[in-house]
Amino acid sequence: MKWLLRFITGLTVSFVVTMIVVVTSFITTMFSASEMGVRKFGLFGALFFEPHEQADGATALEIGVSNGAPIALVFSISLVFYVAVASVLERLKLHKKRLLQADEG
Amino acid sequence: MHPKSVVLLFRLFWLFIVRRVVGRGLLASPAARLSAIFLLVAAFAGFSVLSYVVIRQYLGGTGLLEPVLQVANASVGFWVLIAYTLIRVLFMKADELLKLSFNLPVTNKERTMAFALFESSLVLLVTAFVFGAFSISTVLIEGTDYIPRVLASIWFPAISTYLLLSLGYYLLERALQAIGIARLRGLVVPMVLAIGLAVAFPQTNEQSSQIAESYVSGREYNAPILLYAKLQEDVGLWFSILVLLATSAAMIPAIVVTAPRNYVPMRRFFVVLPSWLAGRKFGVYILVLFRSFETMVAFSFILIYSVFAWFEHLVLPPYVLALITFQGVYAFSNSEPLRRMATYPGRTVANYLRLVGSQGVLLVVVGVPVIGLSVAQGVPFEACLPVLGFCLSNILISTLVGIAFPPEKGNPFTVIIGVLLTLVLVMIVALGLNVFNFEPITNTAIFTALNLLVVFYSILGMRRMERIARNEVVA
Amino acid sequence: MTLSVANVNYAYNSRTQVLHDVSFTIADNQVMGLIGPNGSGKSTLIKVILDLLQLQSGRVSIGSDNNQSRSAKMSSIYLSSNDYLPEFLTGAEYVRFMHGLYGQPLDQEALRTQFARYSMRDRHRDLIEDYSHGMRKKLQLIAAFMLRRRLTVIDETLNGVDIDAIKLFERDIRNLAKEGRSVLLCSHDFTMLEHVADELSLLNQGALVVQAPVRKIIQDHGTIADLANEFIRAMEPS
């Protein structure tokens, strides 16, 4: 149960981290694109952003994902990092508990 | 009145807030504290960068920044009123915080002034968050020569508006005391502020369009709120500062004199709905929700907005319904005595369902007439459905916020931090998912899964708090 | 036997042991007074008995049931020392809610009578928010006397209650005992304990150091206060 909970929390944290990375890359790409009709890529080619000029003169934005692999990589790295940190913390807690018990004994 | 006592009390309030906020709920762990600070700083930095990039790209070098600054100046009153309303409504619950000082040798006047000082420091923080990004990016783009303009157009009017609002508030409190309904201020004050917002909004819009028209036609536009900017431009910053000091010097003593001498406890609950509901557990959860003054405040805001929208012919989906769904923030802490007073508090899942179920009932009760009104005004019913979906999701999220950041002793700061962090997270997830261009059905599935996750963590949080109370786990 | 506590130990953490091997019983129709200095573990003991704190070692049973069982919880009522009550309810609604929790119908007439007896006539329709500290305590007592559980546990609830109500309370507690119910009454009001308690337990630094009939204590020491003073003197460093 404890490990299942840790896994679900790991998935949630990784999802949020991935979203933060995607949004940051998206905003950076959006503001670095200036020419109409030119497709700009962000997050190692994962995201694209392309402004179009419409017939009425208004600007339309085309955004999307061109390659899911870098996003999946960000998600996986976050998950592994979370699991590693959580395991180390757990061991440190256990170690502290043992030291306290030894101190009392 | 001893200023030293006021300062000491002011420090006590801050000490309480800092210790209580960082020591409870999710923020109890140092890692969570650091993450929260980082997220808030990152949000402000992101907000500033976004503001800088947008202003540079669209206004830099065009000369349009001048009228934009004037429009911002004209809207300062409205924004300060929003910040003031937010803080004032949150502080309505802070009576318990005030009670901390009851056994100290201070007069009621000193207590009120310390609290006013404490409250104004919070309004300053909120205002800095709202106007900070705009001010920083404007100065970065136009250079340091622009600092006097930003000061006179944004910050000086903000200070004067705040002082004026404080004076108005204490006058209102005095008037309520005089007619013997001071205990009802929890309901009356937010209603007055809501009416103020309803009046200020069209006026600010009108002023903004007049400024734009004047700029296009080359006319000069004058309004009382633009006074500091006008003085700064015509005479100089020093004169503008002088006028600010003079008006503040007149208003601060007026506030001190007007602040009530005696303390009247506020009514936090109103007897609505029949007593037989108290015989059932779910009925009691409905009572706690419907009777609390926060619900009454949200309800009065919705009522005033609906009347305003009807007369102004605003044909918009009923977004205002979202206000009623923020009650979840207090749902857990307000109903805490129900779970503490009995030796058998009931199963956690059942208690959680009662918490959100009662909010669902409130949403239906308020939602049916509000949606009916929207449809009568010409909004298609289908356009109301996403709002309803958002409201249902918000009930779940705000309940989780109330569990993760439990507001203790009416401590409003915990609620602000919880709501801010949640807003930042929800916006990031919504924007992030938008990039993926999923089909509506996929988006619905993802949001449903996320809401289930919210339910899961809420129940987990409630169970953990029960176990902490039973000393099964260390907090 | 209504309550049986056997070899209970409790520690909030590995360094703070609060209860040391506490054992006692409360028979049917018996009122037991629990006294002890501040921090001696009285509230902790009460919370362990009522399963509000998880039992770490030992055994607690209410009637023939384990204290964690639903039936044990339904046959006991707890009046806490604080007045942390649902302020959004009226006095009458609070009593109705408590009746709902115990699955018992509410007798409106009896409710009005109890409010009148405790000098709160016509206040049952007022919100608890508007009750004074003493009124909140009286409300807790009214609920307990109306629900009449097999075991009533009172943790310093009488602090702040007026003298008339205390006299009434003494009579009501004795009536509970006469009906075969038991009461565990934690208080610093020694005179009141001499009037109502059959047995007395003294808790000191988490250990039960005295358990004797009140009549015998009065015979041997004069008053409960004299017994307490003797203990204080014995505890003082010589």
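What does the accessible area of B:LEU277 come to, in Å² to the nearest 10, when a probe of 1.4 Å is used?
30 Å²
Just to confirm the filter: which GluC sites (Glu not before Pro) across the range B:193-229 are DSSP coil and have at most 12 other Cβ within 10 angstrom of their Cβ?
Qualifying residues, ordered by number: B:GLU220.
Would you tell me the mean number of C-beta atoms belonging to other protein chains that fall within 10 Å of each C-beta in B:280-287, as a whole number? Present the calculation step by step, with values, prior to reporting the outcome.
Numbers: counts 3, 3, 0, 4, 9, 0, 0, 6.
Per residue, the number of nearby Cβ atoms from other chains is 3 on average.
Any idea which of B:PRO407, A:LEU47, C:TYR78 is furthest toward the positive side of the dipole for the protein assembly as shown, if Lys and Arg beta-carbons carry +1 and Asp and Glu beta-carbons -1?
C:TYR78
What's the carbon and sulfur percent of the protein assembly as shown's accessible surface, probe 1.4 angstrom, rounded to a whole number? Don't jump to the answer; show the numbers that get you there.
Working: 25420 of 39320 Å².
The C+S portion of the solvent-accessible surface of the protein assembly as shown is 65 percent.
So what is the relative contact order of chain A, in percent, for Cα pairs below 8 Å that sit 6 or more residues apart?
Computed value for chain A: 24 percent relative contact order.
Normalised by the number of residues in chain B, what is the relative contact order in percent for Cα pairs under 8 Å and 6+ residues apart? Walk me through the numbers before you get to the answer.
Working: 461 pairs, mean separation 91.2, N = 475.
Reported as a whole number, the value is 19 percent.
Can you list which of the GluC sites (Glu not before Pro) found in the range C:148-238 are DSSP loop residues with at most 11 other C-beta atoms within 10 Å?
C:GLU179
From the Cα gyration tensor of the range A:2-104, with a ≥ b ≥ c the square roots of its eigenvalues, which class applies: rounded if a/c is under 1.5, or else prolate if a/b is larger than b/c, or else oblate?
In terms of gyration-tensor shape, prolate.
Using a ≥ b ≥ c from the Cα gyration tensor of the protein assembly as shown (square roots of the eigenvalues), is it rounded, prolate or oblate, where a/c under 1.5 gives rounded and otherwise the larger of a/b and b/c decides, a/b for prolate? Spell out each step's value before the answer.
Numbers: a/c = 2.10, a/b = 1.69, b/c = 1.25.
Prolate shape, in that a/c is at least 1.5 and a/b is the bigger ratio.
Over the range B:3-258, what relative contact order in percent results from Cα pairs under 8 Å that are six or more residues apart? Each step should come with its number before you reach the end.
On the way: 183 pairs, mean separation 76.8, N = 256.
Relative contact order here is 30 percent.
I'd like to check one number: the per residue accessible area of the protein assembly as shown, probe 1.4 Å, reported in Å² as a whole number.
48 Å²
Using a 1.4 Å probe on protein heavy atoms only, how many Å² of accessible area do C and B hide from each other, summed over both chains and rounded to 100? The partial results should precede the final answer.
Working: alone 11540 and 24710 Å², together 33480 Å².
Separately minus together, C and B give about 2800 Å² buried.
Against the longest principal axis of chain B, how steep is helix B:185-217, in degrees 0 to 90 to the nearest 10, with axes from Cα atoms?
Approximately 40 degrees, to the nearest 10.
Residue by residue through the range C:35-50, what is 3J(HN,Hα) from phi via Karplus (6.51 cos²θ - 1.76 cosθ + 1.60, θ = phi - 60°)? Round to whole Hz and write x for glycine and proline.
10, x, x, 4, x, 7, x, 4, 5, 4, 4, 4, 5, 5, 4, 8
Taking the dipole about the Cα centre of the protein assembly as shown, with the C-beta of Lys and Arg at +1 and of Asp and Glu at -1, give me whichever of B:MET113, B:LEU97, C:ILE232 is farthest to the positive side.
C:ILE232
Between helix B:156-178 and chain B, what is the angle of the helix's C-alpha long axis to the longest principal axis, kept within 0 to 90° and rounded to the nearest 10?
50 degrees
R0 = 30 Å: FRET efficiency of A:SER87 with B:ASN437, Cβ-based, nearest 0.05?
0.25
Could you give the length gained on full extension between B:ALA31 and B:LEU242, defined as 0.36 nm per residue of separation minus the Cα-Cα distance, in nm? Numbers along the way, then the final one.
On the way: separation 211, 0.36 × 211 = 75.96 nm, distance 4.66 nm.
Difference between extended and current length: 71.3 nm.
Take every residue in peptide B:429-440, count the Cβ atoms of other chains within 10 Å of its Cβ, and give the average of those counts.
5
What is the calculated FRET efficiency for A:GLU53 to B:ASP234, with r their C-beta to C-beta distance and R₀ = 45 Å, to the nearest 0.05?
0.55
Inside 10 Å of the C-beta atoms of A:11-18, what's the mean count of C-beta atoms belonging to other chains?
2
What value, in deg cm²/dmol to 500, does the helix sum -39500 (n - 2.57) over DSSP H runs of n ≥ 4 give at 222 nm once divided by the residues of chain B?
It comes out at -26000 deg cm²/dmol, rounded to the nearest 500.
Rounded, prolate or oblate: pick one for the range B:189-320, where a ≥ b ≥ c are the square roots of the eigenvalues of its C-alpha gyration tensor, a/c under 1.5 means rounded, and failing that, prolate if a/b is larger than b/c, else oblate.
On the way: a/c = 4.92, a/b = 1.70, b/c = 2.89.
It comes out oblate by the Cα gyration axes.
Out of C:VAL214, C:ALA92, C:LEU185, whose Cα points farthest toward the positive end of the dipole of chain C (charges: +1 Lys, Arg; -1 Asp, Glu; placed on Cβ)?
C:ALA92
Report, to the nearest 10°, how far helix B:108-142 tilts away from the longest principal axis of the Cα atoms in chain B, using its own Cα long axis and a range of 0 to 90°.
That helix lies at roughly 60 degrees to the long axis.
Output the peptides A:92-101, C:33-42 sorted from most to least packed, where packing is the average of other Cβ atoms within 10 Å over each peptide's residues.
C:33-42, A:92-101
Among the listed pairs C:LYS138/C:LYS216; C:LYS42/C:LYS178; B:LYS99/C:LYS167, which have their C-alpha atoms separated by more than 29 angstrom in this model?
Numbers: C:LYS138/C:LYS216 31 Å; C:LYS42/C:LYS178 26 Å; B:LYS99/C:LYS167 32 Å.
Result: C:LYS138/C:LYS216; B:LYS99/C:LYS167 exceed 29 Å.
Chains B and A: what accessible area do they bury, summed, in square angstrom to the nearest 100, with a 1.4 Å probe? Could you put the intermediate results ahead of the total?
Values: alone 24710 and 7780 Å², together 30780 Å².
Separately minus together, B and A give about 1700 Å² buried.
The values are calculated or read from the model by the stated rules, or taken from the named source; none is laboratory data. Since we're looking at a predicted model, the values are computed, not measured. Positions of Cβ are generated from backbone atoms using ideal geometry, with glycine treated the same way; all protein chains shown enter the neighbour counts. For accessibility, only protein heavy atoms count, side chains too; no ligands or nucleic acids. Shrake-Rupley method; radii C 1.70, N 1.55, O 1.52, S 1.80 Å.
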